[in-house]
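Data first, discussion second: the structure below is written as structure tokens.
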Amino acid sequence: MHNIDIDIVEMSLDVIKFAINQITQTDQKLGFPKKEEELYELVGETVTAKGIGGEKAFKLFRDVLLKASVSIDHPRHLAFVPASPTRAAIMFDLVTSASSIHGAYWMEGAGGIFAENQAMKWLVKLTGLPEGAFGVFTSGGTEANLSAMVTARETWRARHPEKAHTRGIVIASNAAHSSISAMAKVIDADVCLIKTEDRLEGTDLARTISEMSDEDRSRVFAIIATGGTTNSGIIDDLAGIARVAKHENVWFHVDAAYGGGALAARSVRHLFNGIEEADSITIDPHKWLFSPYDCGAVIYREPELAKKTHSQEGSYLDIFTDEGAKGFNPSDYQIQLTRRLRGLPLWFSLAMHGTDRYETAVERGIELAQIAGRLITDAKHVELVREPSLSCVLFRRIGWSPDEYKAWTYRNHKAGFALVTPTKWRNPAGPETVARFCFINPDTTETDITQILETMK
């Protein structure tokens, strides 16, 4: 199994050929899921005592399983938050795995961690945080938010020893990502969600805090703002929220998992004013900075606070703190110990292409949203729900019911044409089912948008 033989050599060639084909193809297939029983009938049992052989297993993946999965970088995949990793990043993801580097400690992964940190320096610079701020790559926004909130809570408890066993409170808006509530369950914290129909304003936050009981107010250890909501691309009043957080002396976190990529775009950078006041920030390069899954990031104003929180101890780990092994240890700054060097594909792509081309690609997503907005405004059968924000566009098909939106989604997806899904938008009359575009892939064209809108007639 670990020996080099002719079968391994031939399989390596097959894998490389497949990867080259995937990277260079220009006519992508969208893919459509099959039911589990259908897949079982086509594939059968693959994990057996004697094995089925690499050739057969690879053929089953290529011919059956891959086709039952959705291509996240298809130019007409505009649902959820799609992704569009660069060819360079995809190639280096393969190199990263082949290199077998453990990315938790400098002693084992110095070279790879150094490269990751080059990419991280660029991310930190985008945020405008002061000198000394730094971060680490995570599996995604959920892990980044969790790591930041554990740091926030432990910092709060360290400053207030009497609250060592107090259940804390996190404040966010009802438009915050679902990971916020999930994270709160993990750390046994309460969440106060401020209802808002649009962005969370500093004035609304201040009023909510003023209306809290003295006991609850004393339990607030973090305020979370969103730098680009997943549903509609809305950016909270970061500057106003920062002022309130400073006044209350509580941790200020910005969840920019989706929207953080737009920090690279000069046309919208001003919308993020105030993010430089954050104590921590989440950005997902695998969303709008063209990295393959899984690549998130958490950035800290004072990394030492995260290190105090997350550093792990154990007799077999002592060597990593020895003078001869000193360096940046990513495991010290987030909840994960063992980790792959998930920031390397981003580093390689940045090094290969340069940051200017990244700015151009991000700006294209924003431009596509504006184009879609104009096309929708000019059409008679659809209308905008609100003005496009970042790369998100919410619109309605006039006269459609929720079931009609669903039927339209499945019809286009099953045909292999496009994946565009409905969502809900809050309005005074109650939640409304609407359609949503999210543009990430710079290869999406105006023609793609026009054709999708035509399918709604």
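The values are calculated or read from the model by the stated rules, or taken from the named source; none is laboratory data. Worth saying up front: this structure is predicted, and the values here are computed from it rather than measured. In this analysis, Cβ positions are derived from the backbone assuming ideal geometry, glycine residues included, and neighbour counts consider all displayed protein chains.
From the list F348, F437, the lone residue that is hydrophobic (A, V, I, L, M, F, W, C), under 30 Å from L94 (Cβ atoms), in contact (Cβ under 8 Å) with a residue 12 or more places away in the chain and buried (at least 19 other Cβ atoms within 10 Å of the Cβ) is F348.
Just checking: which of the strands (runs of 3 or more DSSP E) contained wholly in segment 120-205 hold 1 or more residues that are closer than 13 Å to I283 by Cα?
134-138
A83 passes every criterion in (1) modelled with pLDDT of 95 or more; (2) part of a helix (DSSP H, G or I); (3) out of contact with any Pro (no Cβ under 6 Å at 6 or more places or on another chain) apart from (2). Only a single criterion out of (1) farther than 21 Å from A184 by Cα; (2) under 16 Å from the mean Cα position of the chain (by Cα) is not satisfied by A225, namely (1).
Selection of segment 1-39 for residues being loosely packed, with under 14 Cβ neighbours inside 10 Å, within 15 Å of K59 (Cβ to Cβ) and in contact with a helix residue (DSSP H, G or I) (Cβ under 7 Å, 6 or more places away or on another chain) yields only D7. Those strands (runs of 3 or more DSSP E) of segment 348-457 in which at least 1 residues are of a type in the set (A, V, I, L, M), considering only elements entirely within it, cover 382-384, 392-397, 432-438. Taken over segment 225-255, the criterion of being assigned to a loop (DSSP other than H, G, I, E, B) and in contact (Cβ under 8 Å) with a residue 12 or more places away in the chain is satisfied by G228, T229, T230, N231, S232, G233, I234, D236, D237, V250. Do we have A222 as assigned by TED's automatic domain parsing to the domain that holds L305 and in a helix (DSSP H, G or I) here? Against the criterion (assigned by TED's automatic domain parsing to the domain that holds L305 and in a helix (DSSP H, G or I)), A222 does not qualify. Taken as a whole, the structure leaves R342 outside the set of residues that are of a type in the set (K, R) and over 27 Å from K125 (Cα atoms). Is there a residue being in contact with a Phe, Trp or Tyr (Cβ under 6 Å, 6 or more places away or on another chain) and surrounded by 24 or more Cβ atoms within 10 Å (Cβ to Cβ) anywhere in segment 265-277? No: zero hits. Scanning segment 40-65 for residues that are among the basic types (K, R) and in contact (Cβ under 8 Å) with a residue 24 or more places away in the chain turns up just one, R62.
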